[in-house]
Amino acid sequence: MLKKYIGIVVFFVFALHLFSCSEKKGTNTQGGKMVEGGAITLGISSDLDAQLDPHTASSASVREIFFNIFEGLVKPDTSGALQPALAESYTVNSTADEYTFVLRKGVHFHNGKELTVQDAIYSIRRAAGLDTGTPLVSNYANILSCEALDGNRVVIKLKAPNTEFITAATTAIIPDGNDPAKEVIGTGPYAYVSRLIQDTIILKKHTSYWGKPAHIDTITLKVIEDAETMVMALRSGVVDIAAHMLSGQAEELHDLTIAEGYSNIVQALYLNNAFAPFSDMRVRQALSYATNKHEVIALASSGYGKAVGSNVYPSFGKYYLEDLTNYYEHNIEKAKALLTEAGYPSGFEFTITVPSTYPIHVDTAQVLVEQYKAIGVRIKINQVEWTTWLSDVYRGRNYEATVVGLDSHTLAASGLLERFVSGNSKNFINFSSAAYDAAYNTAINTVDDAKQTEYFKQCERILTEEAASIYIQDPSSFAIMQKNIAGFVYYPLYVLDFAALYKLE
């Protein structure tokens, strides 16, 4: 383990020169003439859900692909700002409990059907569970009703005021009566064609797309779970492009085109707060003091990453609190004292369940194993496949701790903070705090933007102060592509924009 650490540190020094010359925090722009059409293969580290249902997808790696297939009434642009999509405009009443959307004309689904108000109503009612009583999209649970005002306007009434509801309107609109389990139909720049489980997914350009058309005709997503195999696939040209690569992989493939940006996630040691001893806040705080996040970034991320102190990453602008980053200064004596106070003077043992398909999370877990030895805490690492992690950890909550990254589909604070409300279906860490619930509920029911922002920041502080989890970083991310591929764009969200990609002559 220590030899590996030394090697990583040596690489970090060497890599400074490499990445000082690479594209950073934006779009890669190689020389050469753009060529319209053609086909490319894009490597992905995990397969999509068994059922390609945009209303039930929970994984960020799935949603970033769905960004190209499905669209909502609004969608984020490259700055993260929400722009009109299937709705050409919308209005909100003064009490923020009624939203009216004017649908865009001339929008066609992938099957050729033109978008109607009934498609929007069906999709919204389905996602909100208005007919079943069970919302498929948690942010739609606040919807009281959804009705057509006329031939192209939809009115959504809420149970309670919510100025951030517009961020939920990115939820996919599908054809009236459509069952995604049987037929995958969206309005996005790419249409679903076929798939071979754990192997490939094929998408084709939507030639009747209402917006700016895609450049590439066919996108083949190749599932390659092993990191080294992905590197070999890029080296051999079997894969044209792969995103979410690590600095070490970028160094190996330095002769290809490399774009650098942030992952737009909060990587943390997420603790199951319902599991003893993590049900004791003092234990969670002890681990926070025992964690040297800057060392984690240096060793597990080769120094590329932005340290964070709560469950909001830097791209969130006005909501992000830089001062929380060092709230728990590395202090072994404080950590030991808290463990003793909690009844664990000799430490304890627990297991970190981590998805093997994400090397950065595995490497982070390994660094934490070494760091926590200083306070007598012994860790076992259980590497599992991504599908197992989703079923056992995220959905089943049958775990003790995990290292993973959480994302948001919009730059609204609720996108990252809603999940920690007591009883929320996405609250897989079982965090429960009356103070947090009160602050969050006040925030979403506050119409004044400045006051709402302060309540959301209060939520962030509570997560940190009560050490809901051990927050580490927003890792840097590298997109690696063949020399004849260009157009890769980094969003401040977890998004892959295939429509921006193109080939060079």
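The values are calculated or read from the model by the stated rules, or taken from the named source; none is laboratory data. In this text the structure is predicted, and so the values were computed from the model without any measurement. Every residue, glycine among them, receives a Cβ derived from its backbone with ideal geometry; neighbour counts consider all protein chains shown. For accessibility, only protein heavy atoms count, side chains too; no ligands or nucleic acids. Shrake-Rupley method; radii C 1.70, N 1.55, O 1.52, S 1.80 Å.
Scanning region 248-279 for residues that are open to solvent by 20 Å² or more (accessible area, probe 1.4 Å) and in a loop (DSSP other than H, G, I, E, B) yields HIS254, ASP255, LEU256, ALA274, PHE275, ALA276, SER279. Consider region 118-166 and keep the residues that are assigned to a helix (DSSP H, G or I) and in contact with a Pro (Cβ under 8 Å, 6 or more places away or on another chain). The one that is nearest to LYS105 (Cα to Cα) is ASP119.
Scanning region 123-147 for residues that are open to solvent by 30 Å² or more (accessible area, probe 1.4 Å) and over 18 Å from GLU98 (Cα atoms) turns up ARG126, ASP131, THR132, GLY133, THR134, PRO135, LEU136.
Residues being open to solvent by 50 Å² or more (accessible area, probe 1.4 Å), over 16 Å from the mean Cα position of the chain (by Cα) and modelled with pLDDT under 95 are represented in region 37-56 by at least one member.
The listed residues are THR442, THR464, THR453, and the only one of them that is among the β-branched types (Val, Ile, Thr), in contact with a Leu (Cβ under 6 Å, 6 or more places away or on another chain) and outside any loop (DSSP other than H, G, I, E, B) turns out to be THR464. Take LYS205 and decide whether it is crowded, with 18+ Cβ neighbours inside 10 Å and without any contact (Cβ under 8 Å) to a residue 40 or more places away in the chain. Yes, satisfied. Residues of region 280-320 that are in a helix (DSSP H, G or I), β-branched (Val, Ile, Thr) and under 26 Å from GLU418 (Cα atoms): VAL283 alone.
If you go through region 331-352 and keep only what is open to solvent by 20 Å² or more (accessible area, probe 1.4 Å), closer than 30 Å to SER391 by Cα and either among the polar types (S, T, N, Q) or in contact with a Pro (Cβ under 7 Å, 6 or more places away or on another chain) (or both), you end up with just THR351. The residues of region 214-229 that are among the aliphatic types (A, V, I, L, M) and open to solvent by 10 Å² or more (accessible area, probe 1.4 Å), listed by number, are VAL223, ILE224, ALA227. Suppose we keep only residues that are open to solvent by 10 Å² or more (accessible area, probe 1.4 Å) and under 13 Å from the mean Cα position of the chain (by Cα) within region 65-81. Which one would you say is nearest to THR410 (Cα to Cα)? Step by step, filter region 65-81, then rank; the result is PHE67. Does region 448-457 contain any residue that is of a type outside the set (S, T, N, Q) and closer than 25 Å to VAL404 by Cβ? Looking for residues that are of a type outside the set (S, T, N, Q) and closer than 25 Å to VAL404 by Cβ, one finds at least one in region 448-457, hence yes. The set of residues from region 474-505 being of a type in the set (Ser, Thr, Tyr) and in contact with a helix residue (DSSP H, G or I) (Cβ under 6 Å, 6 or more places away or on another chain) comprises just one member, TYR494. Hey, any hits in region 440-456 for a residue that's open to solvent by 10 Å² or more (accessible area, probe 1.4 Å) and within 23 Å of PRO277 (Cα to Cα)? There is no residue in region 440-456 that is open to solvent by 10 Å² or more (accessible area, probe 1.4 Å) and within 23 Å of PRO277 (Cα to Cα).
The set of residues from region 94-117 being in contact with a Ser or Thr (Cβ under 8 Å, 6 or more places away or on another chain), outside any strand (DSSP E or B) and modelled with pLDDT of 95 or more comprises VAL107, PHE109, HIS110, GLY112, LEU115. For region 280-313, a residue qualifies if it is out of contact with any helix residue (DSSP H, G or I) (no Cβ under 8 Å at 6 or more places or on another chain), in contact (Cβ under 8 Å) with a residue 60 or more places away in the chain and open to solvent by 30 Å² or more (accessible area, probe 1.4 Å), and the qualifying residues are ASP280, MET281. When region 468-500 is filtered for residues that are assigned to a loop (DSSP other than H, G, I, E, B) and under 21 Å from the mean Cα position of the chain (by Cα), the ones remaining, listed by number, are ALA468, PHE488, VAL489, TYR490, TYR491, PRO492, LEU493, TYR494, VAL495, LEU496, ASP497.
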